[in-house]
Every structure is written in structure tokens, then in C-alpha cells.
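What follows is one structure encoded as C-alpha cells, with my remarks underneath.
The values are calculated or read from the model by the stated rules, or taken from the named source; none is laboratory data. Every value quoted in this text rests on a predicted model; they were computed, and no experiment measured them. Methodologically, a virtual Cβ is constructed for each residue, glycine included, from the backbone with ideal geometry; neighbour enumeration extends over all protein chains shown. Quick note on the areas: whole protein, heavy atoms, side chains included, nothing else; ligands and nucleic acids left out. Shrake-Rupley method; radii C 1.70, N 1.55, O 1.52, S 1.80 Å.
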Amino acid sequence: MASEKVETVVAGNYIEMEREEEDSKSSKSKLSSFFWHGGSVYDAWFSCASNQVAQVLLTLPYSFSQLGLLSGILLQLFYGLMGSWTAYLISILYVEYRTRKEREKVDFRNHVIQWFEVLDGLLGKHWRNIGLFFNCTFLLFGSVIQLIACASNIYYINDNLDKRTWTYIFGACCATTVFIPSFHNYRIWSFLGLIMTSFTAWYLTIASLLHGQVEGVKHSGPTKMVLYFTGATNILYTFGGHAVTVEIMHAMWKPQKFKSIYLLATLYVLTLTLPSASAVYWAFGDMLLTHSNAFSLLPRTGFRDTAVILMLIHQFITFGFACTPLYFVWEKFIGVHNTKSTFKRALARLPVVIPIWFLAIIFPFFGPINSTVGSLLVSFTVYIIPALAHMITFAPAAARENAVERPPKCLGGWAGLYSLNIFVVVWVLVVGFGFGGWASMLNFIQQVDKFGLFTKCYQCPPHKV
């Protein structure tokens, strides 16, 4: 009876939201709603897949040169599954939190639920503060990485300006994302973004195979432990893009359908990342150790320029994905989150972009910064904290008995679920944060020593600096 009551509470509010959506369609143009306002399962899938693959597509060949081909493939599969598992845990905790609150007659129709609020509602303020710190810091640097990637990519089309100047320009362009209200409004952008990354991935694959192996190519990886764990944490970062899972779920009309979406998105992403990284590494081998952006080694053609432009547009979209949760946090902090005026909210959001812009200019190390963020922030934000939070939330027998979503029987029930969660926590803490943190920080410090902070043109040919 309890489970039936819970389902009624959850479904009831979602149906109300669907009716609101239908009403809104009657007052707006259907064309505008089609492009601008999404909340379906397909919208969520496009959002997850588009957000996950982003600029890291260009750095995975670099990681393969550090790891070797076999380790690169196996770690992509391993972290892809692990990332899908913790995204599933986050979705379960979201539904649990929302159901409990809606039993208390809390109305979320004018409020976007975020991960730190889920932790607060289920586990208290200390967990909220930890979640807020790691999530916001990760999203901040995730946005920084998108800006760095924009400057790195455009340089391969137009090298008349150095990468730092391009960072200034794209910082201003990306600031326009303040006008996109929420994840509902990324429908067309998510769809286009995935087409863009799909084109780029298959361009990298086909262009590398047609180019063939460079003369005297060597595939010596892995050679050093530091490089090995640096590459591994970049892959951990690749499949840890679900820091915006809660916001994407909240944008759905039926969030309880999210459970398998991230896994399906990951399976598609693997069809892009595995062939492209393998082909580029096969063609260029150890040359990638000093070329973290795959575009830098491929000859300039119309196809390459097209891929660069498409990735630039996609990075603009991904910047918005990473920044939108930060906009929400800032809006709530200054008290304008419930303001209906898009213009007022956009003005209030602008201060969020400034530190991102500044950090992208200080640390323009495209490639190494991914691994550093992966080991120090992603490891906790989207792997360790969700697994621990899930175990603690359902530790009391009463919580397990009244859980909205029970563990799949194929996993062995609660015992199997806890075993998996413990494995995730221990593995990521030791391998991801421990060894990965050590290796990526060492590599990052080497980049600072070699190029310096505020470097004008990272990894540019000497005559172009």
C-alpha cells in the first residue's frame, strides 16, 4: 500500500506539470515550443549524450598515447559503466527526495531542484555544503575547460590571433548563455550538439585512417606511471559529465523515466570515442604526447575546418550546460531565482561568467587541466559522493522498506547494490583521486613550469607565438 501511495504522489505532480506544458503550448506558437521547450525522454537523452562527449573527444587520443591502446579502450568501457551507475544512483536519490517533499505538499513548479538540495533534504546541511562545494567547483572548471577548448580549436583555422586573445573573444560570446532560462530550453541545442560531435568523431576516425601512419610512428605507451594515471583520469573525467543530472531530470515531464537514459547515452558516446581515439592514436602514436588537441596533427582541409567550427558551436552549448546550474545557485543566493523576467535573470547571472573567463586565461593548459579536474573534483562530485549518499540514505531499515525505487533483483537486491557502491567509492578514492590526483597534479605543475601562467599561446609553434 505504501508503494502505491508513493507512486500516486509522484505521478500526480508530474501529470500536473504535463498539463501546464500543454496549456503553455496553446498560448505560444507550436513552432517555438517545438524548438525551444523540451521535457521528453528524448530531450534528456540528447542532453546527456551531447553534454558528455564535448571537447574531451579531442583529448582522448592524447590520453591513449599516455595509456596505450588496450588500456585506453578498457578504461573507456569501465568508466562508462561506472559513470552510468552513479548517474542511476543520483536519479534514484532525486526521485526519493522529490517524493518525500511532495508528500509534505512542497510545490516545485517554479523552482529548479539541484543536487545540493537533494543532499540537504535527505542527509542534512553538512552533506549539502560538501555537495555544493564540489559540484560548483567542478562546473566552474568545466566551463573554464570549454573556453580553453574554444581558443585552442579556433587557432587551427585562424592563427593571426594568439589563443589568449581568442579566449577573450569567446568568453564574451559564451556570456550570452545567461539568456537561456533553463534546461527545458536546450532542446534544439542538444540535438544539434550531438550531430556536431558525431560529425567530428567520424571525421577524426576517417581522416586518420586515410592519412595513414606517420613515418617511424611509435606506440610506446604506457611508459611512465605519471602519464598512465594522467590519461586514466582524463577518461574518468570524460564519463563523469553527470554533474548536471539533477537539473536535466528536473526539466523532464516524467523524471522517473530517467533511470536508464544515461546508460543509453553512454553507449552511443562510446561509438564515437572508441573509433576516433583509436584511429588517431594508430596514425600518430607518440606524437600525441606533445599534441593534446587531435586537430593539431591532421592536415588542414575543408572537412577539418568544418569539424573545428562545429566543435566551437558545440563548446558554446556545453558551456551553457555547465554554467546553467551555477546560474541557478547564484540566482538562489541573491534571491532572483523565482523572477519571471528573463532579462533580469540574465543581468543577475553575468557575474558568474567573470571568474570563468579569468581562470581560462590563467590556466590555458588544454588536456592536462582535464585530468586535474577529473581527479580532484569529478572523482568526488559524480562518483564518491553519490555512492556514499545513496548508502547512508538507505542505511535505516525503514528507508529501505519505504524506498520509492528498489534495487534491481539482477544486482542481488540491497546487498548487491551496497557491494557495488563500496567498490565505486574505494576504486575512485584510491585510483582516481589518489594515484590520479598525484599524477595529474605533477603533470599540471610541469605545464606551469614549462609554459608559465597566463601563457599567451599554449602548445603553439614557436614562430606563431
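The table that follows gives values for the structure above.
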{"item": "Solvent exposure of the chain as accessible area per residue, Å², 1.4 Å probe", "result": "41 Å²"}
{"item": "Evaluated over region 38-108, the Cα radius of gyration and Dmax, each in Å", "result": "17.5, 54"}
{"item": "Relative packing of peptides 396-403, 280-287, 292-299 - highest average C-beta neighbours within 10 Å first", "result": "280-287, 292-299, 396-403"}
{"item": "Gained length - T137 relative to K218, 0.36 nm times residue gap less alpha-carbon distance", "result": "25.4 nm"}
{"item": "Centroid-to-centroid separation of region 379-403 and region 246-290 [C-alpha atoms, Å]", "result": "25 Å"}
{"item": "The chain, relative contact order [Cα under 8 Å, separation at least 6], %", "result": "31 percent"}
{"item": "15 Å beta-carbon shell around P61, net charge (K/R +1, D/E -1)", "result": "+1"}
{"item": "Calculated on alpha-carbon atoms, Rg and Dmax of region 271-346 in Å", "result": "19.5, 54"}
{"item": "In sequence order, calculated HN-Hα J values of region 181-195 (Karplus, 6.51, -1.76, 1.60; Hz; x Gly/Pro)", "result": "x, 7, 5, 4, 8, 9, 3, 5, 5, 5, 4, 5, x, 5, 4"}
{"item": "Apportionment of accessible area to carbon and sulfur, region 195-252, percent (1.4 Å)", "result": "65 percent"}
{"item": "Space enclosed by the convex hull of the alpha-carbon atoms of region 211-281, per residue, Å³", "result": "110 Å³"}
{"item": "Protection proxy ranking, peptides 63-74, 404-415, average beta carbon neighbours within 10 Å, highest first", "result": "63-74, 404-415"}
{"item": "Cys residues of the chain counted as unpaired, since no other Cys beta-carbon is under 4.7 Å", "result": "C48, C136, C150, C173, C174, C323, C410"}
{"item": "Mean-position separation - Cα centroids, region 153-217 and region 48-117, in angstrom", "result": "21 Å"}
{"item": "Degrees, to the nearest 10: 302-334 long Cα axis against longest axis of the chain", "result": "40 degrees"}
{"item": "Given charges at beta-carbon only (K, R positive; D, E negative), |dipole| of region 34-138 in Debye", "result": "220 debye"}
{"item": "Alpha carbon Rg of region 342-388, scaled by the compact-globule rule 2.2 N^0.38 Å", "result": "1.58"}
{"item": "Rounded to whole Hz, the Karplus (6.51, -1.76, 1.60) HN-Hα couplings of region 222-234, x for glycine and proline", "result": "x, 10, 10, 4, 4, 5, 4, 6, 5, x, 5, 6, 5"}
{"item": "Backbone HN-Hα couplings from phi across region 122-127 [Karplus 6.51/-1.76/1.60, Hz, Gly and Pro as x]", "result": "8, 10, x, 5, 5, 5"}
{"item": "The chain, dipole about Cα centre (Lys/Arg Cβ +1, Asp/Glu Cβ -1), debye to the nearest 20", "result": "360 debye"}
{"item": "Rounded percent of accessible protein surface that carbon and sulfur make up, region 315-451, 1.4 Å probe", "result": "73 percent"}
{"item": "Carbon + sulfur, % of accessible area of region 132-189 - ligands and nucleic acids excluded, 1.4 Å", "result": "71 percent"}
{"item": "Degrees, to the nearest 10: 69-103 long Cα axis against longest axis of the chain", "result": "20 degrees"}
{"item": "Semi-axis lengths (Å, descending) of the ellipsoid that matches the C-alpha gyration tensor of the chain", "result": "37, 26, 20"}
{"item": "Chain lengthening between V448 and L209 when straightened (0.36 nm per residue, less Cα-Cα)", "result": "82.6 nm"}
{"item": "Mean Cβ count within 10 Å, highest first, over the residues of peptides 308-316, 427-435", "result": "308-316, 427-435"}
{"item": "Ellipticity estimate at 222 nm from DSSP helix runs (n ≥ 4, -39,500 (n - 2.57)) divided over the chain, nearest 500", "result": "-23000 deg cm²/dmol"}
{"item": "Cα-based Rg / Dmax (Å) for region 139-233", "result": "17.8, 52"}
{"item": "Size descriptor, Kirkwood hydrodynamic radius, that averages inverse alpha-carbon separations across region 69-209, Å", "result": "19.0 Å"}
{"item": "Efficiency of FRET between V431 and T339 - r from beta-carbon atoms, R0 45 angstrom, step 0.05", "result": "0.50"}
{"item": "Percent of Cα pairs exceeding the 11 Å cut-off, where the set is region 57-96", "result": "66 percent"}
